[in-house]
Amino acid sequence: MQKAWINLFPVILCIMLFGACKNKQGAGDVGNDPVFKRPAIKKITEQINEEPKNAELYFQRGNMLHALEKDSLALSDYKKATSLDSTKAEYFSAVGDLYFEHKDISGSVKWIQQAIKINPEDVKAHLKIAKVFLFIKDFEKGFSEVNTVLRHDVYNPEAYFLKAMMYKEMKDTAKAISNFLTSVQVSPEYRPSIIQLGQIYAWQKNPIALQYYDNAFKLDTSDVFPLFAKGVYYKDNGNLEQAKQEYRNAIDRDPQYADAYFNMGWVYIQQDSLEKAQHQYNFVTKIEPDNAGAYYNRGLCSEMMHKNQDAINDYKQALVFNSKYQEAINGLKRLGGK
């Protein structure tokens, strides 16, 4: 079971923390973060100390910090780069990217628009702002940005991908498929479009989806989502044994892939193998201790095996992580656990 992309509270908290941490470090003041002791970071910091007006050095260090997921520090460096050299679109675009990643949409738009103002031909900036418009569902502006890119580069796979995603959000499946296919035609290894085609064809119960998932996995065997998705396809089409096999394949490649254990548990419930199902949910709670659904499903298995107190405990635990989990609330009512 795939989880929702984002919840409101974590978004707000993320933005608050992101904003609170920014602008804390400059050339000579790198703070106490251990990241600045890393050899590569330390070396470029020394260069910055020697050339404190060199915007490119700040930009490079920002890229390094971002790669290490030190985004508040990276943001400070990117902003410093823009203050030292306001003619480089990529500096402003990098700031916009970080704001977008942390779901600060208004902040993102402002900086990416500035990048486009500096360099109207900046394809990357147009694509970045198109992503923002896709996220906020302003499709008219999104299409405008994508079409601007395609007028300059008719073979840009990401432009067709974003156009397809907008049509997908608009429920125009035919146009979505057409643009995903065009994306793959101009760039046969453009994996995001390959996965999306698999998703759409799977939703249509078209077995060609399996070929797209196989192709996506071949392009990047470190990402087991296509294997998991094949399991979902077989589950949705009633082939539970094959679904389990695909989930096992995903787990063999990535033992921390919680969704595969979760779905495996669901299959075992359908097959009345309740103890085996519980075993799968045990794995999920270890990998994702705050997964309310795993506690609920494990509790449901206990209830079906007449282990009511165990079920009550798990339903209560599910509500710790999701106080509005109606199924868990109903479970407690059934068992008198309140």
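The values are calculated or read from the model by the stated rules, or taken from the named source; none is laboratory data. Because the structure is a prediction, the values reported are computed rather than measured. Virtual Cβ from ideal backbone geometry, glycine too; neighbours counted across all protein chains shown.
Being in contact with a helix residue (DSSP H, G or I) (Cβ under 7 Å, 6 or more places away or on another chain), of a type in the set (A, V, I, L, M) and modelled with pLDDT of 90 or more is a property that ALA27 lacks.
Has region 57-64 got at least one residue that is part of a helix (DSSP H, G or I) and without any contact (Cβ under 8 Å) to a residue 12 or more places away in the chain? Looking for residues that are part of a helix (DSSP H, G or I) and without any contact (Cβ under 8 Å) to a residue 12 or more places away in the chain, one finds none in region 57-64, hence no. One residue stands out in region 103-152 among those that are acidic (Asp, Glu) and farther than 23 Å from ASP71 by Cβ: the one that is surrounded by the fewest Cβ atoms within 10 Å (Cβ to Cβ), namely GLU140.
The residue that is surrounded by the most Cβ atoms within 10 Å (Cβ to Cβ), counting only those in region 164-175 that are closer than 16 Å to LEU150 by Cβ and in contact (Cβ under 8 Å) with a residue 24 or more places away in the chain, is ALA164. Among the residues making up region 153-163, those that are surrounded by fewer than 15 Cβ atoms within 10 Å (Cβ to Cβ) and either among the aliphatic types (A, V, I, L, M) or at pLDDT below 95 (or both) are ASP153, VAL154. Looking across region 116-135, just one residue is over 14 Å from GLY96 (Cβ atoms) and under 20 Å from the mean Cα position of the chain (by Cα), and that is LEU134. Selection of region 44-75 for residues being of a type in the set (Gly, Ala, Ser) and closer than 14 Å to ASP33 by Cα yields SER72, ALA74. Of all residues in region 109-127, those that are without any contact (Cβ under 8 Å) to a residue 24 or more places away in the chain have Cβ atoms under 6 Å from Cβ atoms of residues that are acidic (Asp, Glu), 6 or more apart or on another chain, in HIS126/GLU145. Of the residues making up region 252-272, just one is crowded, with 19+ Cβ neighbours inside 10 Å and either without any contact (Cβ under 8 Å) to a residue 12 or more places away in the chain or not in a helix (DSSP H, G or I) (or both), namely TYR257.
Filtering region 205-251 to residues that are polar (S, T, N, Q), assigned to a loop (DSSP other than H, G, I, E, B) and under 24 Å from the mean Cα position of the chain (by Cα) leaves THR221, SER222.
Listed by first and then second residue, the pairs linking a residue in region 273-299 that is free of Cβ contacts under 8 Å to residues at least 40 places away in the same chain to a residue that is of a type in the set (Lys, Arg), with Cβ atoms under 6 Å apart and 6 or more places separating them unless they lie on different chains, are GLN278/ARG298; TYR281/ARG298. Within this structure, SER76 fails the test of being surrounded by fewer than 18 Cβ atoms within 10 Å (Cβ to Cβ), farther than 28 Å from LEU219 by Cβ and either in contact with a His (Cβ under 9 Å, 6 or more places away or on another chain) or touching a residue at least 12 places away in the same chain (Cβ under 8 Å) (or both).
With respect to being modelled with pLDDT under 75 and under 30 Å from LYS137 (Cα atoms), LEU75 falls outside the description. Only residues that are surrounded by fewer than 18 Cβ atoms within 10 Å (Cβ to Cβ) and part of a helix (DSSP H, G or I) were counted in region 287-318, giving 7.
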